[in-house]
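One structure below.
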Amino acid sequence: MLRNRIYFVFVFSWVLISPDSSWAAHSPLLPRPQKVEYKSGSIALDRLSIVIPSDAAAEDRFAAAELDRRVFSRTGTHLPLLQKNTSPSIVLERTGPIDALAVPGEDPGPDSREAYRLEVTASGIAIRARSSAGIFFGVQTLCQLLEFEQGKAVFPAVRIEDWPTLAYRGTMVDMSEGQLATEQEVLRQIDLLAMWKANQYYFYNESSIEMDGYPLVNPAARFTKDAVRRMIAYGRERHIDVVPCLELYGHQHDLFRIEKYSELADFPHGGEFDPSNPKIRAVLADWVDQYLDLFPSRFAHIGFDETWEIARSAREKGSSPAKLFLDQISFIAKRFQAKRKLVLAWGDIMVKYPGIAAQLPSGIVAVPWWYDPEADPDYKKWLDPLVEQKVPTLVAPGVHMWDEIFPDYKKTFRNIDTFLAAGKRAKTLGLVNTVWSDSQQGLRRSAWPGMAYGAAAAWQTQPMDSETFFSEYAAVVYRPQAAPRVATALEKLEAAELSLQKVFGQTTFEGIWRNPFPAATRKNVNEHREDLRQARLLAENAQENLLVALKTEDHTALTSLLLEGRLIDYAGMRALYALEISDLWKQIQDKNGNDAELWDLMETTMGNFHGRVGDLMDILEDLRPQYQENWLAEYTSFRLDAALMNWTMEAQFWWHFQRRFQNLREQYKPGSPLPAIEVLAGER
């Protein structure tokens, strides 16, 4: 049906509210609609029913179900479904074909497939759009409009006209380089992105999808094809296209470490295909055909980034990096294009070697990526060579969480804002916000605000307000009782992470495991005592707010945030404790071991009861199972043992440190030479 309506019927009260039509008087809307005009009045939610015509399309029925689900999550009230229409009502009116997913060649703007109009008046509520996607996005905005007046749920009177600024608004999630998300977790991520009007989910895969005929490739860390099909179907219901994001040149060590396939590598057991080996064509052709059969998306991202071995390979073969790259990408692109796929590829190698951008196969879309917003804030290095050759682009910033305990949102937001602005000046087609897992330790749910930020920024025209984002994000995602607490926790965790970075640099997760006793480390910590203290205070404040929020909000992401607050607190504690232990040991050394009171104090410090080392070991005993529990809540067990090994080694470090001191104390004779604290601590 080209014209499809669903009626949501109200028995309501029409009450006047303040004539103030400013944004501040109402719930935040993210992404910010293009045109919003608030009016006086509101419609009460009580006694609301949903009327769904028996001939309604499945996509429109799903939009109705989504409205019911979201309203229930905020109010605890399900809306009864009726088939008989009465007035006044909410009308979902689709004026064109279903058009559920984005396709190549789309234009954004007020006449786009995804544009919608939403109006709340005394006569009812109407959402009108050309496609089912526009209707679905209008429903997302309607859900955000829900407010509470004296404890009563209402929709304020308003008129909204809205459309996307960019046609393609995607998020790429790493499924290969770190932990492997569970199927259920992927569905949660798709649900999250749907709230912010994203329309693409890039499934990053090196060897994490089963390939028929390759049973030895990553058997413990891959998704079955049936699982991928379920994810694709789930995304389509929510108007999010699950796009294959593959690696068909480099990043294939999981294949080449198997001896049967090692000869296909450019370097023995390396990471890149040898483009001069004719045997690779059969493997790649087989893989491409299987991916084509699995993913119905009209888009295919084929990778081609970070081919580090290509220069050496070119020298050995008497060729050039550009020729090897172009031969390989042309072969792959043609196979996808023969099936009417729009081919995307990472842009870093395209601009690294002269001649590649000018000779790319026709129709290729480059995806330039860069995550440092300061060195080149206009991203000229990554965009200009492509723009000069009229190569279309999708820009790819990232959520900075690959080495951090908690994401660096200051850098994340600036990366998204500046790259998006540069991309718009370069007439980019869209945005692919990337979420990597390089450290193989982080909990990805803390990236959810960054995923939401990227999706919202790509939809709305005006720049995002990073200063108010946590507050607005929390107000949309969480119940009113919990939202302010969660917003404060996010702000405090961000500040705590940045304070910790002043000591450990960007790699705060690795900072937890480093030996804290070498002289250079202690000197650095001593210079940053206050930064560590502030990191702890901020992390503890975040924990307090999250514990209060968890009393009223059963939300999957909050326990991860709570754990990350505890991790930051522990990182700061161990660094400060190590410095205090070192300072006390120095006093004992200065007294040549002849001060009994200092020895007593040191024994207490090193003891299990109310001592600093005992504190650390108690906290480790508590943190390790919490970390494991949170890991398994979103990931499979793949690589869990390797991650837990850090916790085991950390506990052993302090246990051995404690035992060395106890042995020394038992054998020590006053006046004897004392070892340096580094010797007492031993090697990690």
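The values are calculated or read from the model by the stated rules, or taken from the named source; none is laboratory data. The structure displayed is predicted, hence computed values, not measured ones. Cβ coordinates were reconstructed from backbone atoms using ideal geometry, including for glycine residues, and neighbour counts include every protein chain displayed. Quick note on the areas: whole protein, heavy atoms, side chains included, nothing else; ligands and nucleic acids left out. Shrake-Rupley method; radii C 1.70, N 1.55, O 1.52, S 1.80 Å.
Just a few scattered comments:
- The calculated FRET efficiency for the pair Lys84 and Thr461, based on their C-beta separation and a Förster distance of 45 Å, comes to about 0.65.
- Value of D in µm² per second that Stokes-Einstein yields for region 573-613, Kirkwood Rh from Cα pairs, at 10 °C (1.306 mPa s): 154 µm²/s
- Relative contact order of the chain, pairs being alpha-carbon contacts under 8 Å that are 6 or more residues apart, as %: 11 percent
- Radius 14 Å from Cβ of Leu584, net charge of other residues (Lys, Arg +1; Asp, Glu -1): -2
- Accessible area per residue, Å², the chain with all protein chains present, probe 1.4 Å: 39 Å²
- Point-to-point label distance, Arg159-Ser319, nm (Cα→Cβ direction, 7 Å offset): 6.2 nm
- Spin-label model, Thr648/Asn277: points 7 Å from Cα along the beta carbon direction are separated by 3.4 nm.
- Percentage relative contact order, region 164-287, counting C-alpha pairs under 8 Å, at least six apart: 22 percent
- Modelled spin-label separation between Phe638 and Lys35, with each label point placed 7 Å from Cα along the Cα-to-Cβ direction: 4.9 nm.
- Gln150/Asp595 FRET efficiency (R0 60 Å; Cβ-Cβ; nearest 0.05): 0.35
- With a cut-off of 19 Å on the backbone N, the residues of region 514-532 near the modelled label site 7 Å out from Thr507 along Cα-Cβ are 514-525.
- Neighbour count of at most 12 Cβ within 10 Å plus DSSP loop: longest GluC sites (Glu not before Pro)-free window in the chain: 1-373
- Whole-angstrom gap from region 300-344 to region 612-684, using each part's C-alpha centre: 47 Å
- For Lys591, the lysines whose Cα comes closer than 20 Å to its Cα, not counting residues fewer than 8 places off in the same chain, are Lys669.
- Linear extension gain, Asp384 paired with Asn663, 0.36 nm per residue minus alpha-carbon span: 94.0 nm
- Calculated FRET value between Ala58 and Leu547, using beta carbons and R₀ = 45 Å, to 0.05: 0.60
- Were the residues from Phe609 through Ser330 laid out at 0.36 nm apart, the gain over their Cα-Cα distance would be 93.8 nm.
- Region 252-362, relative contact order in percent, only Cα pairs under 8 angstrom and at least six apart counted: 24 percent
- Sparse-neighbourhood loop sites, chymotrypsin sites (Phe, Trp or Tyr not before Pro) in region 558-630 - DSSP loop, at most 16 other Cβ within 10 angstrom: Phe609
- Label zone of Ala227 (point 7 Å out along Cα→Cβ, amide N under 17 Å): in region 278-313 this covers 294-295.
- Sorted from longest to shortest, the spans of the Cα atoms of region 273-382 along the three principal axes equal 42, 36, 21 Å.
- In the chain, the inverse of the mean reciprocal separation of distinct Cα atoms equals 27.6 Å; this is its Kirkwood hydrodynamic radius.
- Taking every DSSP beta bridge that has both ends in the chain, the antiparallel portion is near 50%.
- Proximal lysines relative to Lys502, as straight alpha-carbon distance under 17 Å, when same-chain residues fewer than 8 apart are discounted: Lys410, Lys411, Lys492, Lys523
- In range of the label at Asp438: residues from region 241-258 whose backbone nitrogen is under 19 Å from the point 7 Å along Cα→Cβ: 247, 250-254
- Separation between Cα centres of region 162-208 and region 214-290, rounded to whole Å: 19 Å
- Excluding same-chain neighbours fewer than eight residues apart, the aspartates and glutamates reachable from Lys317 by a Cα-Cα span under 16 Å are Glu263, Asp266, Glu272, Asp274, Glu309, Asp327.
- What separates the Cα centres of region 582-598 and region 521-547 is a distance of 27 Å.
- Estimated from helices alone, the mean residue ellipticity of the chain at 222 nm is -15000 deg cm²/dmol (sum of -39500 (n - 2.57) over DSSP H runs with n ≥ 4, per residue).
- Pairs from Lys352/Lys381; Lys381/Lys427; Lys260/Lys334; Lys380/Lys424; Lys35/Lys427; Lys390/Lys427 whose Cα-Cα separation, in the structure shown, is over 18 Å: Lys260/Lys334; Lys35/Lys427
- Anisotropy class assigned to region 483-572 is prolate, per the alpha carbon gyration tensor with a/c at or over the 1.5 cut-off and a/b larger than b/c.
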